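*Asks:* Provided herewith is a single structure, encoded as structure tokens, for subsequent inquiry.
The values are calculated or read from the model by the stated rules, or taken from the named source; none is laboratory data. Quantities reported herein were computed from a predicted structural model and do not represent experimental measurements. FYI the Cβ positions are ideal-geometry reconstructions off the backbone, even for glycines, and counts take in every protein chain you see. Quick note on the areas: whole protein, heavy atoms, side chains included, nothing else; ligands and nucleic acids left out. Shrake-Rupley method; radii C 1.70, N 1.55, O 1.52, S 1.80 Å.
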Amino acid sequence: MVVPPTPANLERAAQIICSGGLVAFPTETVYGLGANALDATAVAKIFEAKQRPSFDPLIVHISDREMLQQVVREVPAVAEKLMARFWPGPLTLVLPKLEAVPGIVTAGLPTVAVRMPAHPVAQALIRKAGVPIAAPSANPFGYLSPTRAEHVERMLGHRVDLILDGGSTLFGVESTIVLLAEKPVLLRHGAVPLEELERVLGTVALQVEASEKPLVPGQLPQHYAPRTPIRIAAPEEVPSALRKRVGYLAFREVPKGFKVVKVLSPTGNLLEAAAHLFEALHQLDRLGLEAIYAEPIPEVGLGRAIMDRLRRASA
């Protein structure tokens, strides 16, 4: 059931979380599928609903620093710098976990991925529930991420107790993930660009290559994929005879000859392009096309996160 985030519906959603149920809710990145992060049985329902493999860890969402103490064993100085700059917001930090966090949340790893979302609906839900909420994207495993409540309803509606409709998400791509070990390591490109991290940290090591044993969500070789086959290619690389049978996901300009074209940002704005990425792919995927071709995006700022999603979708 999709409902607006009224005070009464937020109270109802919090009660569902506290009683071991599932609630889909908006964040500033994508919609999440949430359960009480300290309840292993409730978290298992996330994996069942998404058909998600148990070796893929989840992100835990908190509302404030006090709640952080329920899941994290220690907070190094570098984490404090990042929290001061980016929290609440679309940055996930990987930190040593407390025993209270069930192994199913972290795929048995000694660390937990944590973030403090900035979206007011997410914040209100976590505060009312009074518990940290484990929440991957609210979609079947490996499929396109949801950026609107109707995406969640179409893909998982019958498996979710309640869907809070907060409108379209701001960033449209998932959070950036940083591992805080001896040196900060970027594990997933996301809504906080590498350049912004480096303004705080200096040089940041990268470990974003695909892995069959992920340390964090979004590291598997194939992910974020539509049902329609997707390929990355400039318009001129797609044969003319093929164009009339396929769709094209363009960055700025409409190329000629394709059956249907979706443009991410006519002005070349990377934030706008990221925000429209999954919505455009959802639309193209429902048209019964032979294939979808996607234009390469400049790999600066949010362009890195966009290209990361496109590469994994086309794997």
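*Asks:* Looking at the range 31-75, which of its residues are modelled with pLDDT under 95 and of a type in the set (S, T, N, Q)?
*Replies:* Within the range 31-75, Q51, S54 qualify.
*Asks:* Suppose the filter is over 17 Å from the mean Cα position of the chain (by Cα) and buried (at least 20 other Cβ atoms within 10 Å of the Cβ); does V178 pass it?
*Replies:* no
*Asks:* Got a number for residues in the range 84-118 being open to solvent by 10 Å² or more (accessible area, probe 1.4 Å) and more than 17 Å from the chain's Cα centre (by Cα)?
*Replies:* Selection size over the range 84-118: 15.
*Asks:* Scan the range 187-216 and report the pairs whose first residue is closer than 26 Å to A315 by Cα and whose second residue is of a type in the set (K, R), with Cβ atoms within less than 7 Å and a gap of 6+ or a chain change.
*Replies:* Listed pairs, sorted by first residue: H189/R304; P193/R304; L194/R304; A205/K183; V208/R188; V216/R188.
*Asks:* When only residues in the range 259-315 that are touching a helix residue (DSSP H, G or I) at 6+ places or on another chain (Cβ under 6 Å) and charged (D, E, K, R) count, which is nearest to R154 (Cα to Cα)?
*Replies:* Going through the qualifying residues, I end up with K262.
*Asks:* Tell me, yes or no, whether the range 240-252 has at least one residue that is surrounded by fewer than 17 Cβ atoms within 10 Å (Cβ to Cβ), in contact (Cβ under 8 Å) with a residue 60 or more places away in the chain and part of a loop (DSSP other than H, G, I, E, B).
*Replies:* No; the residues of the range 240-252 include none that is surrounded by fewer than 17 Cβ atoms within 10 Å (Cβ to Cβ), in contact (Cβ under 8 Å) with a residue 60 or more places away in the chain and part of a loop (DSSP other than H, G, I, E, B).
*Asks:* Does R311 fit the bill of being touching a Ser or Thr at 6+ places or on another chain (Cβ under 7 Å) and open to solvent by 50 Å² or more (accessible area, probe 1.4 Å)?
*Replies:* no
*Asks:* Could you please find all residues in the range 51-73 being surrounded by 22 or more Cβ atoms within 10 Å (Cβ to Cβ) and under 22 Å from D161 (Cβ atoms)?
*Replies:* Result: L58, I59, V60, H61, I62, S63.
*Asks:* Taking the range 16-49, which residues are outside any strand (DSSP E or B), under 19 Å from G218 (Cα atoms) and either of a type in the set (S, T, N, Q) or within 14 Å of the chain's Cα centre (by Cα) (or both)?
*Replies:* Within the range 16-49, T27, E28, T29, V30 meet the criteria.
*Asks:* How many of the residues making up the range 154-165 are open to solvent by 30 Å² or more (accessible area, probe 1.4 Å) and small (G, A, S)?
*Replies:* Matching residues across the range 154-165 total 0.
*Asks:* What is the residue count in the range 269-312 for residues that are of a type in the set (A, V, I, L, M), more than 19 Å from P255 (Cβ to Cβ) and outside any loop (DSSP other than H, G, I, E, B)?
*Replies:* Count: 5.
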